[in-house]
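Below: the structure, in structure tokens.
All of the numbers you see were taken from the coordinates with simple rules; none came from a lab. Remember, it's a predicted structure, so these values are computed and weren't measured experimentally. So basically every Cβ, Gly included, is an ideal-geometry build from the backbone, and we count neighbours across all protein chains shown.
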Amino acid sequence: MRFFVVCPGGLELPLAQELAEIAQLPESQQLGKWVIEPTPTSPTGGIGLAGPISVAMALNLHSRIASRVLLQMAQAPYRQEEDLYKLASGLAWEDWFTSKQTLRVDVTAHRSPLKSLNFATLKIKDAIVDRLRDVTGDRPSIDTAFPDVRVQAHLSATHVTIYIDTSGEALFKRGWRDEKGDAPLKENLAAGILSLTGWKPGQTLFDPMCGSGTFLIEAAQTALCIPPGAIRAGMYGNDAKPSRLAYRPLVTSAHGFGFQRLKPFQESAEQESWTHLKEAALTRILEKRKQFPSVDSLKIYGGDINERLVAMYQGNWQRAQLPDQPMVRQIDAMASKPPSGVIHGTMLLNPPYGERLVIKGGRGQDRGLRDKNDEFSDVENRYELNLETGRQSAKRTSRESLKKLQAQEEQDPKFVEFLRQFGQHLKDTFGGWNVFVLTADMALPGQLRIKESKRTPLFNGPLECRLFKFEMHEKRLNNESSTNG
């Protein structure tokens, strides 16, 4: 079977590395041979691979960077909408799901000659429901919000590729997030960025603007080998209490992954493989907890000026099945210092809009900020599908709206002044550290007054960003006492 594993644009290389690691797990090798396609030289939004159908189970359970795992059903040339109907109606959908299950169909395109994606979507949907009606005497209902089965198609200039989605809800929805917070970073993007920094479990990691803790929770779960799909896979049984506020209850074990609602995965052999994958993962978690027996041993630290977000982070940490309470303080980033005794470490942060930097908590003070982010969320949700299916056309469509949002941040003089002061604080206090900053502000190094050593293009939803790396110089001996407080 052929798969396309979707990821945020710019994370193709770390995704390819992750796929190779998953394929090398003993329980993955027992599933059969994996063939991972070469890493693309330009952003494609994903990596292709081939393997037995059970590969989908391992990918959905273990991939931290993937957005979706799409199973290719067919690929063929096309010239008009009727060609799409013929291809889709010729597929044995009855072998994959029943007419009692609900369906959603989505289509993306890049340089397609067709005039209407909506009409193309309609033709593929009609082909699927007509096929099931002819075979079973009944047709499935359409549910665009919470379908049992998702079918996706992509139109290039000459070919159409039809996929069935084995993930269901997007894989960044882990099930532990209480609520989105002010400016949420998708969990799979955070995991990919962690990979780009070169941080390894056991090394010091610090986020002085941690918000609801996305970077730090992803790092802690990585260190403890907790699969990102553990909650959705039901690995914790009744002990897991994923939030009912987080993306609705679709991310709990009651709904799990898309492949669990597809007929081929309900065969006894696949069920046995699924059980073995989860058991092997649990064994690995227990082994890692011996290596990291306490939260102190993880060396993962956070801080945020907003007490509401600190409390949110603590709740998310607990739902993510992480030990004890996280090492976090409510503190202004300008007052942050390296953990006691730590000379070298990795700092990773995604600065919020300026308003969050001056509030002390509460719900009314950051109202204006939430309004800005509501606008951003609307843009992000509108184009999420195109980006999650590995196609970058949505970036251009939404560029005007995103430029307005970027301009709002760039024109905030208080935020610009904060960045200047924070850059000096990094120089004075974090000598010897590697500092990574994810931002949509391309002028950030100049505002911090620090020369970056590397910049990596990424996409946070449809928003074009950069991951800047700053190598902070060691402080001189007579200043070291002020840097290690």
Exercise. Tell me which residues come under 5 Å, amide H to amide H, from THR204 once H is placed; ignore anything under 5 positions away on its chain.
Key: THR346
Practice problem: Mind listing the long-range amide H neighbours of ALA76? Cut-off is under 5 Å, sequence gap 5 or more, other chains count too, H placed in the peptide plane at 1.01 Å from N. | Solution: VAL160
Quiz item: Per-residue HN-Hα couplings for segment 70-83, Karplus 6.51 cos²θ - 1.76 cosθ + 1.60 at θ = phi - 60°, whole Hz, x for Gly and Pro?
Solution: 9, 9, 6, 9, 6, 8, 7, x, 8, 10, 8, 4, 5, 5
Quiz item: If you plug each phi of segment 463-472 into the Karplus form 6.51 cos²θ - 1.76 cosθ + 1.60 with θ = phi - 60°, what whole-Hz ³J(HN,Hα) values come out, in order, with x for Gly and Pro?
Solution: 7, 6, 10, 10, 9, 8, 10, 10, 9, 7
Practice problem: Return the sequence-ordered ³J(HN,Hα) values of segment 431-448 in whole Hz as given by the Karplus equation 6.51 cos²θ - 1.76 cosθ + 1.60 applied to θ = phi - 60°, using x for Gly and Pro. | Solution: x, x, 8, 9, 10, 10, 10, 8, 7, 8, 8, 5, 8, 4, x, x, 5, 6
Quiz item: Among LYS290, LYS125, LYS469, which comes first, then next, by fewest other beta-carbon atoms within 10 Å?
Solution: LYS290, LYS469, LYS125
Practice problem: Mind jotting down the distance between the C-alpha centroids of segment 17-36 and segment 92-113, whole Å? | Solution: 28 Å
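Using a Förster radius of 22 Å, what is the FRET efficiency between MET442 and GLN203 based on their Cβ-Cβ separation? Nearest 0.05, please.
On the way: r = 29 Å, r/R0 = 1.30.
Approximately 0.15, to the nearest 0.05.
Would you mind calculating the relative contact order of segment 1-85 from Cα pairs under 8 angstrom and at least 6 residues apart, reporting the percent as a whole number?
It rounds to 44 percent for segment 1-85.
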Quiz item: In which sequence would PHE172, PHE418, PHE4 go, from the one with the fewest C-beta neighbours within 10 Å to the one with the most?
Solution: PHE418, PHE4, PHE172
Quiz item: So for GLU81, GLU94, GLU218, GLU270, fewest C-beta neighbours within 10 Å to most, what's the order?
Solution: GLU94, GLU81, GLU270, GLU218
Quiz item: LYS290 to ILE343: extension gain in nm, 0.36 nm per residue of separation minus the Cα-Cα distance?
Solution: 16.5 nm
